[in-house]
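Here the structure comes first, spelled out in structure tokens, and everything after it is commentary.
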């Protein structure tokens, strides 16, 4: 126990409760390094201070909080991935599913449209690469992360051209062959990167698609999709 | 559980799913407005994601660690510029509390823990529970509390320490 223990021991409670101003807290932390008596008391009383948050009445956070948080997280994860020497979505895994999807896509969409499908499973969710119309977006790539419960999927794009003056990209969900607005609009930055959270569930959805539409969005797509993510 | 820090977004999502509710509840209890609580929780979780703070297993559970980060950030926010914002707390009145119909087994256990902690707090002499609540949930410093209560700083710090010691005994069943 240090010689100045008595001077500092009264700070233990205030420190644990966050009641010491920053400078005093730093001084106390330095004292803790040399005072076993204060360290011992701190560890004992921590049981009580750490119980305090448990006394709080539970309040539901809004779903938008998670959406915003995960949007940032997925975007940053994509940036990190991009910064690596090899881009995962530039080199989709060649699996039987990929081959079948690619063949189907060639038949459905025709020459001039770039194709790439990869699924990164695990944890119940999946990430699906998009089929991009490379005649309009030569360096475009995109992937859709669909959580295990199919709620609040996140679309991430890169290399898309600017949608044009007064226009934004609009996300569509295809069900029963019909395109419905997903309620998600997005623009892209200078590198063509962007992301969009898709509110609600993708249960029963056949595909997610993106078109450039007038600012504010449209009720029906006015052009062929610049990218499509097949889900079934 | 594995703690997601700057790694797998799915592991991070799981971390939020498990502890985001408790984090939001704590921040909301402290600042009293949903918008400010949302900002704080978002900042706190992003700091975890960006690995600016590290989880040390020896310092306790992941939940305790997350709530500690949220508590520090909320105190910072309160002391920086949000002190007056929270005074409008009572006017907001749009809380969405979990009702008993939504309780899972885990949540039911947490409710029971909450009852125990509240009981330990309310068993303290009023002057001790007051300083603890003003400090922990109110984000006030010991000098601010001393001014509010018109008591010497040494008395306030002493009550905090004594109060925590009594709570510890109450919660752990330890004897003096």
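The values are calculated or read from the model by the stated rules, or taken from the named source; none is laboratory data. The structure displayed is predicted, hence computed values, not measured ones. Virtual Cβ from ideal backbone geometry, glycine too; neighbours counted across all protein chains shown.
Taking region A:38-57, which residues are surrounded by fewer than 19 Cβ atoms within 10 Å (Cβ to Cβ) and either modelled with pLDDT of 95 or more or at the interface with chain B (Cβ under 7 Å from one of its Cβ atoms) (or both)?
Of everything in region A:38-57, those that are surrounded by fewer than 19 Cβ atoms within 10 Å (Cβ to Cβ) and either modelled with pLDDT of 95 or more or at the interface with chain B (Cβ under 7 Å from one of its Cβ atoms) (or both) turn out to be A:44, A:47, A:57.
Can you spot a residue in region B:127-143 that is out of contact with any strand residue (DSSP E or B) (no Cβ under 8 Å at 6 or more places or on another chain), outside any loop (DSSP other than H, G, I, E, B), buried (at least 22 other Cβ atoms within 10 Å of the Cβ) and in contact (Cβ under 8 Å) with a residue 60 or more places away in the chain?
Yes, because at least one residue in region B:127-143 is out of contact with any strand residue (DSSP E or B) (no Cβ under 8 Å at 6 or more places or on another chain), outside any loop (DSSP other than H, G, I, E, B), buried (at least 22 other Cβ atoms within 10 Å of the Cβ) and in contact (Cβ under 8 Å) with a residue 60 or more places away in the chain.
Does residue B:98 satisfy being buried (at least 16 other Cβ atoms within 10 Å of the Cβ), modelled with pLDDT under 75 and within 11 Å of another protein chain (Cβ to nearest Cβ)?
yes
Would you mind finding the one in B:34, B:73, B:63, B:88 that is exposed (fewer than 15 other Cβ atoms within 10 Å of the Cβ) and either outside the structural domain of residue B:110 (by TED's automatic domain parsing) or at pLDDT below 65 (or both)?
Matching residue, one of B:34, B:73, B:63, B:88: B:88.
Find the strands (runs of 3 or more DSSP E) located wholly in region A:126-232 whose residues include 1 or more that are within 22 Å of the chain's Cα centre (by Cα), touching a residue at least 40 places away in the same chain (Cβ under 8 Å) and crowded, with 20+ Cβ neighbours inside 10 Å, and list them.
Fully inside region A:126-232 and qualifying: A:126-129, A:141-146, A:151-158, A:167-175, A:194-201, A:207-214, A:227-230.
With A:32, A:20 as the choices, which residue is within 14 Å of chain B (Cβ to nearest Cβ) and in a loop (DSSP other than H, G, I, E, B)?
A:20
What's the number of the condition residue B:109 fails, among (1) within 24 Å of residue B:23 (Cβ to Cβ); (2) at pLDDT 70 or above; (3) outside any helix (DSSP H, G or I)?
(3)
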